[in-house]
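Beneath this line is the structure, given in C-alpha cells, with notes to follow.
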Amino acid sequence: MHRKSKSNGADELGFTLLEVLITLSIACIIAPLSFLAVSHLADEITIRHFVEDLNETVRDAQMEAITQAQLARIVFNNPEHFYYVSINNRIERTEINKRILIYGGQENVISINQLGHFSRITTFTISLDKIRYKFVLLLGQGRCYFEKTSG
C-alpha cells in the first residue's frame, strides 16, 4: 500500500501499524493449524511404513517356517517397544516406534506352522494416536490383511 503525506508533499511508503498487527495475527492463527496438518501427515507416514514392514516380516516368517519345516512365532512387546521373530531357536528383534501400540486379544503373539498357516484367527489393532489399522490373520493358506479403520 502506498500512503501519500499531504502535509509536506513527500511520498511515504510503508504499512500502518494496524495493517502489520492484522497480518501478524492472521499468521499466528494459521501457523499452528499448518503444524497440526504436517504432524498428522508425519504420523500417517510413520504408521504406514510400520504396517508395510510388519507385513513383510510376516511373509518372511511364513517362508522361513515352510523352508525350514519349523514353527515360527512373532511376539510383540509393547512395554519395551519391540517385536521379535523366533524360528528354530534363532531370534530377530526389531524396534518399534515408542508411539505405536499393537494389541490383539489375550496374547500379542502370531504363531505360524510348518505349512505357513496361522495357528488361530486373530485381529490385531495397530495404533498411533488417533490413526488405527486392523491386522487380521485368517485360517487356511496363511492369509492376512491390513485395513485402516480410523484416522
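Note on region 102-144: among residues that are of a type in the set (S, T, Y) and more than 16 Å from the chain's Cα centre (by Cα), the one that is nearest to F82 (Cα to Cα) is S111. When Y133 is tested against the conditions (1) modelled with pLDDT of 95 or more; (2) more than 22 Å from E44 (Cα to Cα), the lone failure is (2).
Once region 94-128 is narrowed to residues that are surrounded by fewer than 16 Cβ atoms within 10 Å (Cβ to Cβ) and modelled with pLDDT under 90, the residue that is nearest to H49 (Cα to Cα) is Y103. Does region 104-120 contain any residue that is in a strand (DSSP E or B) and closer than 19 Å to S39 by Cα? Within region 104-120, none of the residues are in a strand (DSSP E or B) and closer than 19 Å to S39 by Cα. Could you tell me whether A27 is assigned to a helix (DSSP H, G or I), modelled with pLDDT under 85 and of a type outside the set (S, T, Y)? No. The set of residues in region 64-95 being of a type in the set (A, V, I, L, M, F, W, C), part of a loop (DSSP other than H, G, I, E, B) and either in contact with a Phe, Trp or Tyr (Cβ under 9 Å, 6 or more places away or on another chain) or at positive phi (or both) consists of A69 alone. Take the conditions (1) part of a strand (DSSP E or B); (2) closer than 23 Å to G142 by Cα; (3) not β-branched (V, I, T); A61 misses just one of them, which is (1). With respect to the conditions (1) out of contact with any strand residue (DSSP E or B) (no Cβ under 9 Å at 6 or more places or on another chain); (2) within 19 Å of T149 (Cα to Cα), V38 falls short on a single one, namely (2).
State whether the residues of region 117-135 include one that is among the β-branched types (V, I, T) and in contact with a Leu (Cβ under 6 Å, 6 or more places away or on another chain). Yes, the conditions are met somewhere in region 117-135.
Scanning region 121-151 for residues that are assigned to a loop (DSSP other than H, G, I, E, B) and touching a strand residue (DSSP E or B) at 6+ places or on another chain (Cβ under 7 Å) gives I121, K130, L138, L139, G142, G151.
The values are calculated or read from the model by the stated rules, or taken from the named source; none is laboratory data. Because the structure is predicted, anything quoted here is derived from the model rather than measured. Heads up, the Cβs are rebuilt from the backbone with ideal geometry, glycines too, and the neighbour counts pull from every protein chain shown.
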